[in-house]
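**Q** Encoded as structure tokens, here's the structure I'll be asking about.
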Amino acid sequence: MDIEHRIARLEALEAIRQLKHRYLNACDLKEVESIRDCFAEGPIVVDYEGVGRFEDRDRFVALYQSLACHPRVLDSHHGANPEIELVDADSARGRWALAYFNVDAETGATRRLGLVYADEYRRINGHWKIVVTRTRLISAVAGEPRQPVPA
């Protein structure tokens, strides 16, 4: 592989890492339009175990907004251990570990999940987008809501 191809490969890998990090950060910050922009327009697959399956980004984003975009919902997504494979110049697949923590600020209920993402990416008009993302649950721990203090 010549130096130009090696540099293009490294740039593609880094762009995909940045895409996934942008998506996870946007989820934590409730940046709905940034989440939408991480996905390709048109037919895609979002298949999140326990949440649902979606075949376009707008339906997925609408559900995200209805579930997560409330002051009481505090989320923390930490993606790690990326394994990214370039299939060709404009397509790739990746696997990521996710440590997810959620708090309901009103009740104190918590949820900690360990997930694995299986993603597919496509470069469209020079920008990498998610075209398929699936999760598999690895672990789950739920904390009970706090009990009201008796008067």
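**Q** Report whether or not Tyr117 is at pLDDT 95 or above, in contact with a Phe, Trp or Tyr (Cβ under 9 Å, 6 or more places away or on another chain), closer than 21 Å to Ser34 by Cβ and not hydrophobic (A, V, I, L, M, F, W, C). Can you show your working first?
**A** On the way: at pLDDT 95 or above: yes; in contact with a Phe, Trp or Tyr (Cβ under 9 Å, 6 or more places away or on another chain): yes; closer than 21 Å to Ser34 by Cβ: yes; not hydrophobic (A, V, I, L, M, F, W, C): yes.
Yes; evaluated as a whole, the condition is true for this residue.
**Q** Okay, moving on. Quick check on the range 51-66. Is at least one of its residues among the polar types (S, T, N, Q) and part of a helix (DSSP H, G or I)?
**A** As a first pass, look at the range 51-66 and keep what is among the polar types (S, T, N, Q): 65-66.
Within this subset, residues satisfying the condition of being part of a helix (DSSP H, G or I) are 65-66.
Yes.
**Q** Can you report the number of residues in the range 111-131 which are assigned to a strand (DSSP E or B) and surrounded by fewer than 16 Cβ atoms within 10 Å (Cβ to Cβ)? Talk me through it step by step, then tell me what you get.
**A** First, the residues of the range 111-131 that are assigned to a strand (DSSP E or B): 111-124, 127-131.
Filter once more, keeping what is surrounded by fewer than 16 Cβ atoms within 10 Å (Cβ to Cβ): 111-112, 114, 116, 118, 124, 127.
The total comes to 7.
**Q** Is it true that Gly79 is within 14 Å of the chain's Cα centre (by Cα) and free of Cβ contacts under 8 Å to residues at least 60 places away in the same chain? Steps first, answer last, please.
**A** Values: within 14 Å of the chain's Cα centre (by Cα): yes; free of Cβ contacts under 8 Å to residues at least 60 places away in the same chain: yes.
Answer is yes for this residue.
**Q** Looking for something among the aromatic types (Phe, Trp, Tyr), modelled with pLDDT of 95 or more and more than 13 Å from the chain's Cα centre (by Cα) - is there at least one such residue anywhere in the range 6-25? Quick ask: steps written out before the conclusion?
**A** Filtering the range 6-25 for residues among the aromatic types (Phe, Trp, Tyr) gives 23.
Next, from what is left, pick out any that are modelled with pLDDT of 95 or more: 23.
Keeping just the survivors that are more than 13 Å from the chain's Cα centre (by Cα) gives none.
For the range 6-25, residues among the aromatic types (Phe, Trp, Tyr), modelled with pLDDT of 95 or more and more than 13 Å from the chain's Cα centre (by Cα): absent.
To keep it simple, each residue is scored yes or no on (1) within 30 Å of Asp104 (Cα to Cα); (2) not aliphatic (A, V, I, L, M).
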position: Met1; (1), (2): no, no
position: Leu10; (1), (2): no, no
position: Glu14; (1), (2): no, yes
position: Leu29; (1), (2): yes, no
position: Asp37; (1), (2): yes, yes
position: Tyr48; (1), (2): yes, yes
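**Q** Give the residues of the range 31-64 that are closer than 14 Å to Thr135 by Cβ and hydroxyl-bearing (Ser, Thr, Tyr), sorted by residue number.
**A** Passing the criteria: Tyr48, Tyr64.
The values are calculated or read from the model by the stated rules, or taken from the named source; none is laboratory data. Predicted, not measured: the structure shown is a model, and the values here were computed from it. Using ideal geometry, Cβ is built from the backbone for each residue, glycine included, and neighbour counts are taken over all protein chains shown.
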